[in-house]
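Below is one structure, written out as structure tokens; the observations come after it.
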Amino acid sequence: MVRRVGLLLFDEVEVLDACGPFEVLSVANRVAGRAGAPAPFEVVLVAAGDDASGVRARGGLRLGADVHVSGAPDCDVVLVPGGVVDAVAADAAVLAWLRRCRPGAEVVASVCTGAFVLAAAGLLDERPVTTHWEDLDELRAAHPALDVVDGVRFVDHGDLATSAGISAGLDLALHLVARLAGDDLAVATARQMDYAWDGS
């Protein structure tokens with residue numbers, strides 16, 4: 001089964017928050033292909049904001065997109081990276097897309113401050129969530145009903161997952177590869193990436 005993954009991009013997105021999970025999924029597809037298996041993931045890059053062709057990430061890196069959020073498809077997996085999220089968390093088109101995807105998605109996930117976007121969309125609930133260590137108190141203050149936890153790389157509830165900051169998105173992405181496409185592929189993907197991943 002090929003799963004469509006919608007990866008949200010927006011101006012001032014944190015580069016590794018977005019590109020780290022993208023790399024994990026891309027490498028997982030290549031590793032699967034070498035073993036004679038079909039690619040398990042189809043990644044769709046979804047742009048928020050005014051420029052449908054792409055965004056300017058933190059530090060100035062230009063990232064292209066496949067589709068603007070206003071025309072984005074429903075996805076099996078939705079990944080919302082972090083960065084400077086004030087504008088994207090208030091973007092009605094982004095929130096509408098997330099709410100539309102949520103009922104049919106296997107998992108909606110955030111990296112780092114992407115949790116603020118999921119919270120703004122009303123997708124987080126009483127189950128524990130996390131974000132970058134520097135933003136834990138701000139998330140608690142902005143959304144006092146949430147159970148915000150620290151000291152974890154990620155929290156996965158099956159249909160919702162959140163991760164801590166930046167490099168923790170790699171751990172979450174590898175975890176999702178293991179969950180959705182098998183432990184062996186996740187281990188082989190981490191090895192191919194020369195990434196020290198212990199499966200947790």
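The values are calculated or read from the model by the stated rules, or taken from the named source; none is laboratory data. Quantities reported herein were computed from a predicted structural model and do not represent experimental measurements. Here Cβ is always computed from backbone atoms with ideal geometry, including for glycine, and neighbour counts include all displayed protein chains. Just so you know, the surface numbers come from the protein's heavy atoms only, side chains and all, with ligands and any DNA or RNA stripped out. Shrake-Rupley method; radii C 1.70, N 1.55, O 1.52, S 1.80 Å.
Based on DSSP H segments of at least four residues, each scored -39500 (n - 2.57), the chain has a per-residue ellipticity at 222 nm of -10500 deg cm²/dmol. Near the amide H of Gly83, within less than 5 Å, lie the amide hydrogens of Glu14, Thr113, Gly114, all on another chain or at least 5 residues away, with H placed in the peptide plane. Local charge for Gly158 was computed over the other residues whose Cβ lies under 14 Å away, with Lys and Arg +1 and Asp and Glu -1, and equals -2.
Backbone amide hydrogens, once placed in the peptide plane, bring Gly54 within less than 5 Å of Ala65, excluding anything fewer than 5 places away on its chain. Charged neighbours of Val55, selected by a Cβ distance under 9 Å, balance to -1 (K, R count +1; D, E count -1). Heavy atoms of the protein chains alone define the surface here; on that basis the chain has 43 Å² accessible area per residue at 1.4 Å probe size. The base-10 log of I(q)/I(0) for the chain, evaluated at q = 0.11, 0.17 Å⁻¹, reads -0.44, -1.10 [Debye formula, identical scatterers on Cα atoms, solvent excluded].
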